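Novice: My questions will all concern the structure given below.
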């Protein structure tokens, strides 16, 4: 199986964590978002993913984009080392936590949106930086409130083992810290992240450990 | 079961379609995004969903936000009238199509983002409107390309019956048309939407048919 990946993409990072947690070997195909005017926007990559976004996944049965769709596919095809609990409310909660990051934070703060703000609307760096901080902080506050109120929490996002929600949490925290957002004010997020990034699977998936990292 | 809903929210609209397709009776609790400074931002609603976003769902087992998490929960608890195919690649494809809308279009073009552009950055109406059009058109082009290339397509997004992807497609088209975006240039989207909106479940879920519609 192949993963089309960019070391710093938090969506690709999520999928790498899931692959490593499940112990699945894969070929990493680097797609550099900054080189060649964006390798993700070139025709050959659009043959893989017409949306021109990373990550994309390929095995002998499917060519697939969208990080959550990829991880759910891995979960169904390789159920060992489950990343979802067995009970429907637990599964729903894990998906909800993942989507708070995957729908409410990441799409509004990723590279293409920041580029559009700067290039098409002429938003100055300071306002662009405030935009990023606003949506990340609002999203982390939401995530923290959801984690804090729910008995499913702990030590990981949901229970004693990493789930899809943790595959989302660690990359989002990495991303926030890269832009100097302090997560220590979100005690559940901070604690869960520390637990995650100590695990070999999260370390192997880390941006700094990818073959395409600068 | 209860659905906290706003008639015009396309995320709430998706869940309403899923509920009607499955023939599930529910109590609609209106949460008006424009009245009272935004009823979704008030403390009593944040008790239901700390993120302050609609929709939210409640039954005797769970209080849940995020439209895809809600629909996947309904799919697991009420598997009659399935909204996902049985095979893993098919399920993955349906989730991918839904997430192209749910992650790549909707979060960047919804009310809170448009409000932030106008109020915090001072983006004029014209540029705000171009922002909306840009992301919707880019997303619809991606969706169309995915639908066009894949043999799973047709007559619905995936196969002979509506799936989760169709629950996403019709509300996104409704939203685009409300902002005068012509979808006739996207033949698969246009055709699938016409098929969907002729169905009683989609009609019952339509914004104009909600008790809170103006």
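Novice: Taking each residue of A:68-74 in turn, how many C-beta atoms of other protein chains fall within 10 Å of its C-beta, and what is the average?
Specialist: Counting other chains' Cβ atoms within 10 Å and averaging over A:68-74 gives 6.
Novice: Which value, in nm² and rounded to one decimal, describes the direction-averaged projected area of the C-alpha convex hull of segment B:88-202?
Specialist: 7.3
Novice: Right, something else. Along each principal axis of its Cα atoms, how long is segment A:132-185 end to end? Whole angstroms, biggest number first, please.
Specialist: Computed over segment A:132-185, the largest-to-smallest principal extents equal 30, 19, 16 Å.
Novice: Quick one: if you stick a label point 7 Å off each Cα along the C-beta vector at residue A:203 and residue A:78, how many nm between them?
Specialist: Distance between the two pseudo-spin positions: 2.0 nm.
Novice: Could you check the simple spin-label distance between residue B:25 and residue A:25, using points 7 Å along Cα→Cβ, in nm with one decimal?
Specialist: With each label placed 7 Å out from Cα toward Cβ, I get 5.7 nm.
Novice: OK, next. Starting from the Cα of residue A:42, move 7 Å in the Cα-to-Cβ direction to define the label point; list residues of segment A:198-213 whose amide nitrogen is under 16 Å from there.
Specialist: A:212
Novice: Okay, moving on. For residue B:190, go 7 angstrom from Cα along the Cα-to-Cβ vector, then report the distances to that same point in the other copies in nm, smallest first.
Specialist: Relative to the other copies, residue B:190 has label-point distances of 5.5 nm.
Novice: Just to be sure I understand: chains A and B are related by a rotation, so which residue of A has its Cβ closest to that axis, and how close in Å?
Specialist: A:107, 2
Novice: Turning to a different aspect of this structure: Could you tell me what fraction of 2.2 N^0.38 Å the Cα radius of gyration of the protein assembly as shown comes to, as a two-decimal ratio?
Specialist: Taking the Cα Rg and dividing by 2.2 N^0.38 Å, one obtains 0.91.
Novice: Counting residues in segment B:2-81 as N, plug N into 2.2 N^0.38 Å and put the Cα Rg over that result.
Specialist: My calculation over the Cα atoms of segment B:2-81 gives 1.05.
Novice: Under the convention of a label 7 Å out along Cα→Cβ, give the distances in nm from residue B:23 to the same position in every other copy, shortest first.
Specialist: 4.5
Novice: Which whole-number percent gives the relative contact order of chain A, counting Cα pairs below 8 Å spaced six or more residues apart?
Specialist: 25
Novice: Please order B:57, B:179 by the number of other Cβ within 10 Å, starting at the fewest.
Specialist: In increasing order of surrounding Cβ atoms, one gets B:179, B:57.
Novice: Using the Kirkwood radius over C-alpha pairs as Rh, can you work out the diffusion coefficient of chain A via Stokes-Einstein at 10 °C, viscosity 1.306 mPa s, in µm² per second?
Specialist: Using the Kirkwood radius from Cα pairs, D works out to 90 µm²/s.
Novice: In whole angstrom, how far apart do the alpha carbon centroids of segment A:161-214 and segment B:58-92 sit?
Specialist: Spelled out, the Cα-based centre of one part sits 28 Å from the other.
Novice: Note the distances from residue A:160 to each other copy's matching label point, with points 7 Å along the Cα-to-beta-carbon direction, in nm, sorted shortest first.
Specialist: Values, ascending and in nm: 4.6.
Novice: Using label points projected 7 Å from each Cα along Cα→Cβ, tell me how many nm separate residue A:160 and residue A:1, to one decimal.
Specialist: Distance between the two pseudo-spin positions: 2.6 nm.
Where a number appears in this text, it was derived from the coordinates with a stated rule and is not lab data. Bear in mind the structure is a predicted one, so any value in this text is a computation, not a measurement. All Cβ positions, glycine included, derive from the backbone under ideal geometry; neighbour counts span all protein chains shown.
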